[in-house]
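The values are calculated or read from the model by the stated rules, or taken from the named source; none is laboratory data. Keep in mind that what you see is a predicted model, and the values were worked out from it rather than measured. Virtual Cβ from ideal backbone geometry, glycine too; neighbours counted across all protein chains shown. Accessible surface areas use protein heavy atoms only, side chains included; no ligands, DNA or RNA. Shrake-Rupley method; radii C 1.70, N 1.55, O 1.52, S 1.80 Å.
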Amino acid sequence: MIGLRGNYEGIGADFVVEQDLAAYSRDEHALFDRLLTRQADLLKKYACRTYREALARLDLQGGVPDFVKTSVALSRATGWNIVGVPGLIPDDVFFNHLAQRRFPVTVWLRTPAEMDYIVEPDVFHDFFGHVPLLFDPTYADHMQEYGKGGLKALRLNGLKFLARLYWFTIEFGLIRENGAIKAYGAGLLSSAGEMPYAIADTKPERVLFDAMTTMATPYDIDRYQNTYFVIDSFEHLMAETAPDFTPHYAALNAR
Ligand code: PHE
Ligand code: FE
């Protein structure tokens with residue numbers, strides 16, 4: 001499976017590749033399990049309830065999960081499917097998948113040396129971080145709206161701003177739950193270091209989520225965030241991102 005890392009040879013316009021389950025080595029399945037076990041303890045304390053419940057329903061415990069099996073369960077629950085991809089894909093292709101309720105999941109797994117930190121998304125980040133919440137109807141709808149919004153942002157010179165919103169919500173978002181702050185962002189849920197930092201450390205700021213503010217906030221991809229944005233519920237996230245962003249993009253581009 002290592003050979004598949006970043007291999008785009010002969011790829012079609014949708015960038016989809018079949019997940020060849022038999023191609024993962026025993027060491028890779030074992031590494032996936034180790035990543036899973038390490039996160040499991042942290043999740044109890046730091047992950048939002050919706051995520052924990054969905055993850056429990058997925059019942060992961062035998063190495064790298066089968067995308068087809070997961071898609072069957074997911075399409076029954078919310079009409080989403082997951083598709084395999086060889087790594088990062090062009091923005092328009094990514095948005096098109098989301099707009100059609102398909103979530104692209106990288107097929108290859110990191111190496112043991114990358115256990116703590118990986119520059120690009122792998123199957124652990126994509127699957128473990130992003131897929132469980134797609135079982136939640138509101139979150140699932142929001143992700144599709146984001147995809148449609150992405151295609152629109154490409155036409156309106158808004159990609160840079162919408163990418164920031166994605167970063168501060170879908171990747172590093174926090175949610176208030178019974179007075180406590182929990183993680184729902186995939187970058188946090190799949191990270192052993194940043195999830196506790198985001199929630200329990202005194203250094204970062206935690207502010208109420210506001211779409212326009214996130215779109216005006218630049219981010220660094222190679223360090224923990226200085227600021228995390230907190231939503232009240234997925235309905236709150238949905239409502240904040242529902243308005244037409246056309247004037248937002250115009251205003252941000254004029255700054
Ligand atoms: N409402 C945004 C627009 O009009 C699209 C969007 C939806 C963005 C959901 C993010 C999340 O462009
Ligand atoms: Fe991600």
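Listed values, structure above:
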read-out: Accessible solvent surface per residue of the chain, calculated while the other protein chains remain in place, 1.4 angstrom probe, Å²; value: 46
read-out: Whole-percent carbon and sulfur share, accessible surface of the chain, 1.4 Å; value: 52
read-out: Probe 1.4 Å - accessible area at residue 44, Å² to nearest ten; value: 140
read-out: Hull shadow area, averaged, the stretch 1-152 [alpha-carbon convex hull, nm²]; value: 8.9
read-out: Dipole in debye (nearest 20) - the chain, about Cα centre, beta carbon charges: Lys, Arg +1; Asp, Glu -1; value: 400
read-out: Under-5 Å amide H pairs with residue 228, H placed in peptide plane, nonlocal only; value: 205, 206, 207
read-out: Coordinate range along principal axes, alpha carbons of the stretch 100-255, Å, largest first; value: 45, 36, 31
read-out: In the stretch 67-117, the chymotrypsin sites (Phe, Trp or Tyr not before Pro) that fall in loop regions by DSSP, at most 14 other Cβ within 10 Å; value: 117
read-out: Surface accessible to a 1.4 Å probe, residue 246 within the full protein complex, Å²; value: 50
read-out: Tensor-based shape of the stretch 9-59 (alpha-carbon gyration tensor, a/c under 1.5 rounded, otherwise prolate or oblate); value: oblate
